[in-house]
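> Please find one structure pasted underneath; my questions will follow.
All of the numbers you see were taken from the coordinates with simple rules; none came from a lab. No experiment lies behind these values; they were computed from the predicted model shown. Cβ atoms come from the backbone with ideal geometry, glycine included; neighbour counts cover every protein chain shown.
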Amino acid sequence: MAAPGQQPPPPPAGVRGMTKLDRTAFQRPLDVCALRLPAADIAPILKLLKTQMLRVPHLRPVQPLGELPLMEPSGGGEPGADAPAADGPDQKVVLLDPERVPDAGGLPWSGLEPLGLSAADSPLRLTLRLAYDNYRADAVLRAVLPDGQDGCTSFSRVGHLIHLNLKEHLLPYGELIGQVLMDKHPGVRTVVNKLNTIDNTFRNFSMQLLTGEADYLVEARENGCSFRMDFSKVYWNPRLCTEHERLVSQLQPEDTLYDACAGVGPFTVPAARKRCRVLANDLNPESFRWLQHNVTANKVQDRVQTFNMDGREFIRTEVRRGLRERLAAPADAGRLHVVLNLPALAIQFVDAFVGLLSPDEVPADQAVPLRAHVYTFTKELAAAKRSVTEALCTNVGRDVSRHVCEVFLVRNVAPNKLMYRVTWDVPAEVLCAMDDGPVLKKAKLTEP
């Protein structure tokens with residue numbers, strides 16, 4: 001890997017537009033200045049040259065002449081440039097970055113000469129042979145893919161699998177991109193491309209195998225927990241790791257978490273490890289199966305109950321039951337949290353809180369200990385927080401903006417699409433309301 005501020009020389013220009021990976025086409029010469037090193041201790045010398053040494057993947061900057069990948073001269077003769085015949089193959093040299101050290105004149109000789117080097121005898125020029133192995137994946141792809149268009153700049157890795165979301169103009173390069181990523185990332189055996197949008201029912205998507213094994217059974221580690229799953233049949237996004245950790249950090253050990261769209265357990269398992277009581281649900285049978293597996297594998301089964309039902313039904317049955325029990329025993333500590341982590345649809349599920357209880361079940365002098373965390377998307381970039389709050393109020397059917405605790409930007413999903421979490425305390429006026437009127441088309445918010 002290159003040091004900060006250094007960039008390895010680019011691959012040959014002739015690889016541009018390649019759609020079938022030809023690793024031999026990446027060979028190119030690189031003329032560098034080098035220094036012969038003395039047999040004595042070389043550590044002080046390398047310390048002086050630390051920022052000037054050549055940094056190229058899989059090419060040690062200090063090694064014997066006989067082990068260097070030198071270009072064969074086109075006219076025959078010995079490889080390299082001006083290495084005298086007196087230099088044996090065991091003569092150690094340090095390779096210097098040609099961008100920083102075009103010639104030996106700019107080296108700190110006042111410091112090097114007392115260490116046994118000579119401005120007259122130590123420098124030499126060499127012509128190295130760079131090859132495919134000497135380039136990082138980003139350098140290879142930047143050289144190959146169409147110039148002036150968006151490249152392949154990001155991907156997600158889950159265990160041995162890399163997942164891409166290629167734009168249309170990159171589809172002809174899909175196999176090559178997969179091969180490069182698999183070559184350059186040890187342990188990767190499978191590279192896939194997402195074919196369409198996430199299925200809103202079961203939250204998984206169709207995939208195209210770009211290269212490698214059709215092995216979708218993966219294991220991921222997140223926030224100190226392990227998760228096993230069939231990646232082709234469930235939803236998992238490693239980019240949400242920080243948000244999972246952020247939300248769980250808001251829970252207290254005496255709290256109860258209702259994870260209505262639990263997936264394979266990224267909220268459930270760490271919350272249970274925090275000694276929260278968790279009721280976890282997912283409609284997808286595959287997610288439910290792996291949720292149960294991960295709960296057991298992480299040894300939190302004594303604090304987790306699992307369910308396989310619709311999210312609204314989960315709220316109207318399990319959350320209602322838990323809320324009734326909590327209100328009937330106000331001395332019990334802890335808050336009830338409901339997580340709705342289905343960004344494409346979850347905001348529509350909040351109407352399930354309306355009329356969840358009867359008025360006589362909520363004592364007038366008692367606060368309702370129910371907090372909901374709802375994930376959603378918005379394309380209203382200029383007024384994102386307001387649009388998210390309006391969507392919440394519209395789907396609840398009344399203005400609940402004064403009960404909103406936080407509207408948090410989780411991530412930028414696409415150039416015109418943001419993912420937010422809106423956290424709000426569900427008030428008695430919602431829980432005890434009769435849901436016999438039409439849902440508001442546009443909720444009018446109370447101005448601050």
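> Could you grab the relative contact order for the chain? Cα pairs under 8 Å, six or more apart, rounded to a whole percent.
Relative contact order here is 10 percent.
> Q63 to S154: FRET efficiency via 1/(1 + (r/R0)^6), r the Cβ-Cβ distance, R0 22 Å, to the nearest 0.05?
The formula returns an efficiency of 0.05 here.
> Here is a follow-up. Which one, V158, S206, A143, projects farthest toward the positive side of the charge dipole computed for segment 137-215 from Cβ point charges (K/R +1, D/E -1)?
V158
> When the chain is fully extended, how far beyond the present Cα-Cα distance does N223 get from C241, taking 0.36 nm per residue of separation?
So the extension gain works out to 5.7 nm.
> Grab the Cα-Cα distance for D147 and K47, subtract it from 0.36 nm times how many residues apart they are, and report the gain in nm with one decimal. Numbers along the way, then the final one.
Values: separation 100, 0.36 × 100 = 36.00 nm, distance 3.87 nm.
Length gained, D147 through K47: 32.1 nm.
> Sticking with this structure for a sec: Quick one: check the C-alpha center-to-center distance for segment 99-173 versus segment 289-367, whole angstrom.
Result: 53 Å between the Cα centres.
> Relative to the compact globular guide of 2.2 N^0.38 Å, what is the alpha carbon radius of gyration of segment 18-134, as a ratio?
Ratio of Cα Rg to 2.2 N^0.38 Å: 1.11.
> Continuing with this model, one more query. Can you give the FRET efficiency for D138 and Q301, using 1/(1 + (r/R0)^6), R0 = 41 Å, r = Cβ-Cβ distance, to the nearest 0.05? Write down the numbers at each step before the final one.
Details: r = 43 Å, r/R0 = 1.04.
Calculated value: 0.45.
> Test of understanding: ordering V304, V407 by Cβ neighbours within 10 Å, fewest first, what list do you get?
Ranking V304, V407 by Cβ neighbours within 10 Å, fewest first, gives V407, V304.
> Dipole size in debye (nearest 20) for the chain around its Cα centre, Lys and Arg Cβ +1, Asp and Glu Cβ -1?
520 debye
> Next question. Distance in nm between label sites at D22 and H169, each 7 Å beyond Cα in the beta-carbon direction?
The answer from the label model is 2.4 nm.
> Over the chain, what is the percentage of antiparallel beta bridges among all DSSP beta bridges, to the nearest 5? Kindly include the intermediate steps, with their values, before the conclusion.
Values: 47 of 68 bridges.
Counting only bridges with both partners in the chain, antiparallel ones make up about 70 percent.
> Given segment 168-310, report the % of alpha carbon pairs whose separation exceeds 22 Å.
Every Cα pair in segment 168-310 considered, those over 22 Å come to 44 percent.
> Out of L409, G106, C432, whose Cα points farthest toward the positive end of the dipole of the chain (charges: +1 Lys, Arg; -1 Asp, Glu; placed on Cβ)?
C432
> Charges at C-beta only: +1 for Lys and Arg, -1 for Asp and Glu. How large is the resulting dipole of segment 18-134 about its Cα centre, in Debye rounded to 20?
Rounded to the nearest 20 debye, it is 460 debye.
> If every alpha-carbon in segment 137-215 counts as one equal scatterer, what log10 I(q)/I(0) does Debye give at q = 0.14, 0.15, 0.18 1/Å?
Those come out to -0.44, -0.51, -0.72, one per q.
> Under unit Cβ charges (Lys, Arg +1; Asp, Glu -1), what dipole magnitude, rounded to 20 debye, does segment 237-431 have relative to its Cα centre?
Its charge dipole is roughly 600 debye.
> Shifting gears a bit: Work out the charge dipole of the chain with +1 on the Cβ of Lys and Arg and -1 on the Cβ of Asp and Glu about the Cα centre, then indicate which of Q301, P285, Q252 is farthest towards its positive end.
The one lying farthest along the dipole's positive direction is Q252.
> Give me H58, H160 sorted ascending by neighbouring Cβ count inside 10 Å, so fewest comes first.
Final ranking by Cβ density, sparse to dense: H58, H160.
> Which label belongs to the value computed from this structure, given these candidates for Rg and Dmax of the Cα atoms in Å: (1) 22.8, 77; (2) 21.7, 67; (3) 30.3, 99?
Read-out from the structure maps to (3).
> Something else now. For H373, H337, H293, what ranking results if the residue with the fewest other Cβ atoms within 10 Å of its Cβ goes first?
Ascending Cβ contact count within 10 Å gives the list H293, H373, H337.
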